[in-house]
Amino acid sequence: MLRPTVAAKRLQEEDDRRALHDRVSFSLAARLGLHCRSTLQFLLQTEVHTYAFSVAANSILSIFPFIVLLLTLIRRVFHSTAMYNVVLQLLRAYLPSNQDFVIRNLQFLANVKGRGQIFSGIMLLITSTGIFLPLEVALNSIWGFRKNRSYLMNLLVSLGLAIACGTLAMLSIALTAENLRILGVAIGDQNFVFRGIGFVVMKVSAVSATIGIYFLIYWLLPRGKVPVRAVLPAAIITGLLSETAKNVYILVLPWLNFQEVYGPFSVSVTLIFWSFLSGMLLLGGAYLSAAEHSARAQAQRDTEAAEG
């Protein structure tokens, strides 16, 4: 039989464990609320807008050379009409406006034989650095890494990320094309069922590739060790939010009157604004992942200290 003092001590320990569990559970909900507010405050900072605008400008300079090289490789190396058509359909789904105009000109550039493809590769190398350099500075600041890479090292990392993202996009396109081929053999490719399922397959492929690109940027670009566990959920959430935000952006485009204000330059303005919004989402996801990782680590230390 337990003595009164021992029984009271055990009851007190049980109460402490329950209180600790309740406090940790409450702190998780409280952290999520605080993270949302702090992320909004973070996105309102001047530096964040500067980084996002820099990423937007260089994204516009890099996306077209990237697509030209992609179409050229598919047409002249892989000789795959199915993959070529998948790229065009993904462009229609990704571009917020003027899809026919942009796709027609990209096809023309990809079909012209000459030094255009070589120049596209050089421009992609230069502009990818313009994208990843401000992103590295921003991500280092978010994660608390005080030292940035040198320009040469950032150039090498940018080139590696550009190749990795391009490879991921190529694999996604190849898998999509193969899935559509198998689907066409199974149910035929001239009915509404094929079109509906094909649309879903391409959407899933595009979102999956976007999530993969976000993950590579979050994980590899900062100049320090970033846990996979911290950035993978952020990449998934940001990828899904990016697709949702794009659909909302397309819906509100008619009310923005870019055509009336910018005339023939409205295509570029539309893409720049969308790239800016994507950059803001990317940085917001990075901040959210870092904030939650820091809070989780602190909660674990508090738990270990209380139990010890």
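Computed from the coordinates by the stated procedures, all read-outs in this text should not be read as laboratory data. Note that the coordinates shown come from a computational prediction; the quantities given were computed from them, not determined experimentally. In this analysis, Cβ positions are derived from the backbone assuming ideal geometry, glycine residues included, and neighbour counts consider all displayed protein chains.
Points to keep in mind about this one:
- Length gained on full extension, Lys225 to Leu183: 10.9 nm, using 0.36 nm per residue less the C-alpha separation.
- Space enclosed by the convex hull of the alpha-carbon atoms of region 43-83, per residue, Å³: 71
- Segments 144-154, 197-207 sorted - mean Cβ within 10 Å per residue, highest first: 197-207, 144-154
- Cα-only Debye scattering, region 226-299: base-10 log of I(q)/I(0) at q = 0.15, 0.16, 0.24 Å⁻¹: -0.61, -0.65, -1.03
- Reciprocal of mean inverse Cα separation for region 103-207 (Kirkwood radius, Å): 17.1
- With coordinates expressed along the principal axes, the C-alpha atoms belonging to region 227-266 extend over 47, 18, 9 Å, beginning with the largest.
- Cβ-Cβ distance of Gln41 and Ala245, R₀ of 25 Å, FRET efficiency by 1/(1 + (r/R0)^6): the value works out to about 0.80.
- Taking 7 Å steps out from each Cα toward its Cβ at Gln300 and Val77 produces label points 4.1 nm apart.
- Alpha carbon centroid spacing (whole Å) that separates region 188-231 from region 246-302: 17
- Relative contact order [Cα under 8 Å, 6+ residues apart], region 197-308, whole percent: 29
- Volume per residue for region 40-295 equals 144 cubic angstrom (convex hull of Cα atoms).
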